[in-house]
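Before anything else, here's the structure in question.
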Amino acid sequence: MELPFAESYKIKMVEHIRRSTREEREVWIRDARFNLFNLRSGQVFIDLLTDSGTGAMSDKQWAGMMTGDESYAGASSYYHLKDAIRDITGFGYFLPVHQGRAAENVLFSVLVKEGDLVPGNAHFDTTKGHIEFRKAVAVDCTIGEAYDTTVEHPFKGNVDPEKLEKVLKDNPKDKIPFIVLTVTCNTSGGQPVSMENIRTVSSLAGKYGIPLLIDAARFAENAYFIRQREPEYAGRSIREIVSEMFSYADFMTMSSKKDAIVNIGGFIAMRDPELFRQASVYNIMFEGYITYGGMSGRDMNALAVGLYEGVDLDYLETRIRQVEYLGRRLTDFGVPIQVPVGGHAVFVDAKRFLPDFPREEFTAQTLAVELYLEGGVRGVEIGALMADRDPVTRLNRFPELEMVRLTIPRRVYSNNHMEYVAVALGNIYDRRHTIRRGLKIVHEAPILRHFTVELEPAV
Ligand SMILES: *Cc1c(COP(=O)(O)O)cnc(C)c1O
């Protein structure tokens, strides 16, 4: 008999989580104004809000925490991290920052100016925010398949080279500071970008003399998918694939809270010493001195270790298989999800789950609240609430995709937890015809309203 797959780690420390009753949850969600962000973590049994900074550090990372060097300048922890970044990504220069959006803030302060265009695959919201804040425009060039949850495509994060070339051809070079490739593409559902596509984008960048930025939050998960799905890379090591991915880029921004398995941290890495000098000015202004940026010495040590653990094949296999397992169990119960499942989350298609539901009553948010009531599971709405109102008409926008994202923290939950989540959603699916009314807004912020919105039942 073939041996079954099992996790590539064992547990040394545990954290208690509390089950609650449906009656308790009914009170808590009303007190939270039907906004899952307002819940206290103790009111949640299984928390799938995000995979950002929610991973479990290893014994070796904790050991690194104990030996952190907190010197203001020239700390040994900075050099540990510098060596790890150079070894794994090939970039010789780097700046530590407190998290991914800080990397964007510092780098874009050098590169992005009013009226610029930044083409790429579906930009992450903070990336887009930092572009639009500078009165520049993020141009989405993702392949069309990314927006149909029922189409099986191995690399739904890919850029459409024709869409990209049109932007490059129709605009002057000095209006395009860089192209951005997000790997994996968070916004299209944690979907990977193929090596072939990275190569194509890089050669278009070269042809038009535009630099290439990799938004690298989930670079290791992307490398795993390349190894699985791109025949040329079967059997190649993750480290080799990662090196090749970065060899096509001029610089990278990293939210270390994702694939580097730390609770806070990030960095910018680049090849060009002149860019490094320019970015250092903003780093010192916004983040801290260049040898710590927004991080403590202990955090830099944990990050240096986490970068290596994140590219370990056994770890990645454990990680991605767990996400696939949840996707498979949900499919067994008939729950409609985006296929194929991405690297860090399963996206439940709320429009197919509740087909006759009035969208103006927030389909995905209603489903996310139902899931919380059913089992104390916290997912997150990626739909009309998150899409905000149209800035001109102030009408609600109803985006193509209306989803509940179930995001899996790294090395935190077991497959029994995944089974629990699948059964909870399966139960709701069985009684989906009884869910007819949703929610209405009582209070909302003018922008990024999903974080603080207050809702009540629409009945
Ligand atoms: C999380 C993330 C960011 C921003 O990083 P933070 O650490 O949350 O500031 C940028 N890009 C992508 C693709 C991300 O997933």
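Quick one: length gained pulling residue 125 to residue 83 fully straight, 0.36 nm per residue minus the C-alpha distance?
Roughly 12.1 nm would be gained on extension.
Please label the shape of segment 59-310 as rounded, prolate or oblate, based on the square roots a ≥ b ≥ c of the eigenvalues of the alpha-carbon gyration tensor (a/c under 1.5 means rounded; beyond that, a/b larger than b/c means prolate, else oblate).
oblate
Under a point spin-label approximation (7 Å from Cα along Cα-to-Cβ), what is the residue 14-residue 40 distance to one decimal in nm?
Going by the 7 Å Cα→Cβ label model, 2.3 nm.
Over its Cα atoms, what ratio of radius of gyration to 2.2 N^0.38 Å does the chain give?
0.97
Calculate what fraction, in whole %, of the accessible area of segment 59-310 sits on carbon and sulfur atoms when a 1.4 Å probe is rolled over the protein chains.
54 percent
For residue 138, what residues show an amide H to amide H distance below 5 Å, using hydrogens built from the backbone and excluding near sequence neighbours?
Answer set, sorted by chain and number: 118.
While we're on this one: Loop only per DSSP, at most 16 neighbouring Cβ atoms within 10 Å: give me the chymotrypsin sites (Phe, Trp or Tyr not before Pro) in segment 1-110, ordered by residue number.
5, 9, 72
If you restrict to DSSP beta bridges whose two residues both lie in the chain, what percentage is antiparallel, to the nearest 5?
Of the beta bridges lying entirely in the chain, close to 65 percent run antiparallel.
Tell me, what ³J(HN,Hα) does each residue in segment 219-224 have, in order and in whole Hz, if you take phi through Karplus 6.51 cos²θ - 1.76 cosθ + 1.60 with θ = phi - 60° and put x for Gly and Pro?
4, 6, 5, 4, 4, 4
If R0 is 41 Å, what FRET efficiency do you get for residue 395 and residue 352 from their C-beta distance, rounded to 0.05?
Efficiency at R0 = 41 Å is approximately 0.95.
Antiparallel as a % of all DSSP beta bridges within segment 59-310, to the nearest 5?
So the antiparallel bridges in segment 59-310 amount to around 50 percent.
Could you pull out every residue, at least 5 positions away or on a different chain, whose amide H is within less than 5 Å of the one on residue 97? Hs are placed 1.01 Å off N in the peptide plane, and Pro or chain starts have none.
Long-range HN contacts for residue 97: 266, 267, 268, 294.
Can you work out ³J(HN,Hα) from phi for every residue in segment 406-422, in order, using Karplus 6.51 cos²θ - 1.76 cosθ + 1.60 and θ = phi - 60°, giving whole Hz and x for Gly and Pro?
Going residue by residue, I get 10, 9, 9, x, 7, 6, 10, 9, 8, 5, 5, 5, 5, 4, 4, 4, 5 Hz, with x marking Gly and Pro.
With every protein chain kept in place and ligands, DNA and RNA left out, what is the accessible area per residue of the chain? Probe 1.4 Å, answer in Å².
Computed with neighbouring chains in place, this is 43 Å² per residue.
With each pseudo-label sitting 7 Å past Cα toward Cβ, what's the residue 137-residue 114 distance in nm, one decimal?
1.6 nm
Between residue 278 and residue 170, what FRET efficiency follows from the Cβ-Cβ distance if R0 is 35 Å, with the result rounded to 0.05?
Using R0 = 35 Å, I get an efficiency of 0.80.
Under 17 Å between alpha carbons, and skipping anything fewer than 8 positions from residue 10 in its own chain: which aspartates and glutamates qualify?
Filter leaves 59, 309, 312, 314, 317.
Quick one: what does P(r) look like for segment 267-345 with 5 Å bins over all Cα pairs, in whole %?
3, 12, 14, 12, 12, 11, 11, 11, 8, 5, 2, 0
Taking a ≥ b ≥ c as the square roots of the Cα gyration tensor eigenvalues, with a/c under 1.5 meaning rounded and otherwise prolate when a/b beats b/c, else oblate, which class fits segment 191-283?
Here segment 191-283 falls in the oblate category.
Another question about this same structure. Please list, ordered by chain and number, the residues whose modelled amide H lies under 5 Å from the amide H of residue 337; skip anything fewer than 5 residues away on the same chain.
Long-range HN contacts for residue 337: 349.
Next up: Do the alpha carbons of any pairs in 257/440; 258/440; 128/163; 128/166 sit beyond 28 Å of each other, and which pairs?
257/440; 258/440
What do you get for chymotrypsin sites (Phe, Trp or Tyr not before Pro) in segment 109-153 restricted to DSSP loop and a cutoff of at most 16 other Cβ within 10 Å of the site's Cβ?
Qualifying residues, ordered by number: 133.
Less than 18 Å from a label point 7 Å out along the Cα-to-Cβ axis of residue 314: which backbone N atoms in segment 45-68 qualify, by residue?
56-62
Quick one: longest stretch of the chain between exposed loop trypsin sites (Lys or Arg not before Pro), exposed meaning at most 11 other C-beta atoms within 10 Å and loop per DSSP?
Value returned for the longest uninterrupted segment is 136-393.
Further question: Using alpha carbons only, how many angstrom separate the centre of segment 348-398 from the centre of segment 247-292?
So the two Cα centres are separated by 35 Å.
Oh, and also: How much length is gained if the chain between residue 62 and residue 321 is pulled fully straight, taking 0.36 nm per residue apart and subtracting their Cα-Cα distance, in nm to one decimal?
90.7 nm
Another question, then. Calculate one ³J(HN,Hα) per residue across segment 4-14 by plugging θ = phi - 60° into the Karplus curve 6.51 cos²θ - 1.76 cosθ + 1.60, and present them in order as whole Hz with x for glycine and proline.
Going residue by residue, I get x, 6, 9, 4, 8, 8, 10, 9, 10, 9, 10 Hz, with x marking Gly and Pro.
The values are calculated or read from the model by the stated rules, or taken from the named source; none is laboratory data. Model, not experiment: these values are computed from the prediction. Neighbour counts are summed over all protein chains in view; Cβ atoms, including those assigned to glycine, are modelled from backbone coordinates with ideal geometry. Protein only, heavy atoms only, side chains kept; ligands, DNA and RNA dropped before computing areas. Shrake-Rupley method; radii C 1.70, N 1.55, O 1.52, S 1.80 Å.
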